[in-house]
1. Name the single residue that is nearest to residue 18 (Cα to Cα) among those in the range 49-63 being in a helix (DSSP H, G or I) and either under 12 Å from the mean Cα position of the chain (by Cα) or among the charged types (D, E, K, R) (or both).
2. Looking only at the range 14-31, count every residue that is of a type outside the set (A, V, I, L, M, F, W, C) and surrounded by fewer than 10 Cβ atoms within 10 Å (Cβ to Cβ) and tell me the total.
3. Regarding residue 34, is this residue exposed (fewer than 12 other Cβ atoms within 10 Å of the Cβ) and in contact (Cβ under 8 Å) with a residue 24 or more places away in the chain?
4. Which one of the conditions (1) part of a loop (DSSP other than H, G, I, E, B); (2) loosely packed, with under 11 Cβ neighbours inside 10 Å; (3) not charged (D, E, K, R) does residue 46 fail to meet, given that it meets all the rest?
5. Do you know which residues across the range 1-43 are charged (D, E, K, R) and either under 11 Å from the mean Cα position of the chain (by Cα) or not in a helix (DSSP H, G or I) (or both)?
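Rule-based calculations on the coordinates, nothing more; no lab input. For clarity, every value in this text was computed on a predicted model and none was experimentally measured. Cβ sites come from the backbone with ideal geometry, for glycine too, and all protein chains shown count toward neighbours.
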Amino acid sequence: MRLAAETFTWGLGGLFVLLLLAGASHSLRRQLARVAVAVAAAGLLAFSLSSPDGRIAERNVDRWRSTGNLDVSYL
């Protein structure tokens, strides 16, 4: 959940940057919807391919190996 929230925040920031760039560029302003959808699709694909559940599980196992502590309630 935390990783998804952080990813969403970065995506929203990227959308704001696109809006700022669209204000400065007339050609981008006309294409803003297409660009926004393409960037969102690329971001969603990258997020899915990065295996977020696997990365989180790997981090928890590494923490358990180094400290011996496991947050069972979070799991």
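1. 49
2. 2
3. no
4. That leaves (1) as the condition not met.
5. Scanning the range 1-43 gives 2, 6.
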